[in-house]
Amino acid sequence: MNTKTVLIILAIMIGIIMIFGFKVMSPGNNSSVNEISLSTQPDPLQPGPATFMIDVKDKSGKPVDNAKVFFDLNMTNMNMGTQRGDAVAQGNGLYSAMGRITMRGPWRVSTKITMPDGNIENRDFIVNVL
């Protein structure tokens, strides 16, 4: 192989790497740009019934209505069973879910949010029950 052929192959490989690198770094490929937060009532959490408020905003910070919000609630360090269900839309991007905390310690609230455009966002929150 002569030097000219090697240089052409090298230039093609660099071009392909740059194209793939640009696609990976492009913000349009990042599905985790929506803002999703969790608050609880009571705050701080205590054993007993609890309300989990999931606040869903789009990438520009506007509330997202018409999303489908599913949640799992379980203790992280002991099997206390998993509570599952759909959160109920409250308007202005807020969704509420009810659960029962059975003991003190760390609990995980896992959410699966199907946005109105069909994109799915998954977020896990760890809450400490006092």
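Whether any residue in region 96-112 is closer than 20 Å to Lys59 by Cβ, surrounded by 11 or more Cβ atoms within 10 Å (Cβ to Cβ) and out of contact with any helix residue (DSSP H, G or I) (no Cβ under 6 Å at 6 or more places or on another chain) is what I want to check.
Among the residues of region 96-112, at least one is closer than 20 Å to Lys59 by Cβ, surrounded by 11 or more Cβ atoms within 10 Å (Cβ to Cβ) and out of contact with any helix residue (DSSP H, G or I) (no Cβ under 6 Å at 6 or more places or on another chain), which makes the answer yes.
Output the qualifying pairs, or none if there are none: Cβ atoms under 7 angstrom, residues six or more apart or on different chains, first residue in region 109-130 and assigned by TED's automatic domain parsing to the domain that holds Gly85, second residue among the acidic types (Asp, Glu).
Within 7 Å, the pairs are Ser110/Asp72; Ser110/Asp124; Ile113/Glu121; Met115/Glu121.
Being assigned to a loop (DSSP other than H, G, I, E, B) and under 15 Å from the mean Cα position of the chain (by Cα) is the filter here, so list the residues in region 62-86 that pass it.
Scanning region 62-86 gives Val64, Ala67.
Find all pairs meeting these conditions: Cβ atoms under 9 angstrom apart; at least six residues apart or on different chains; first residue within region 70-83 and more than 12 Å from Ile101 (Cα to Cα) and in the same structural domain as Arg108 (by TED's automatic domain parsing); second residue in a loop (DSSP other than H, G, I, E, B) and of a type in the set (A, V, I, L, M, F, W, C).
Within 9 Å, the pairs are Phe70/Ala87; Phe71/Ala87; Met78/Met103.
The values are calculated or read from the model by the stated rules, or taken from the named source; none is laboratory data. These figures come from a predicted structure and were not determined experimentally. Cβ atoms come from the backbone with ideal geometry, glycine included; neighbour counts cover every protein chain shown.
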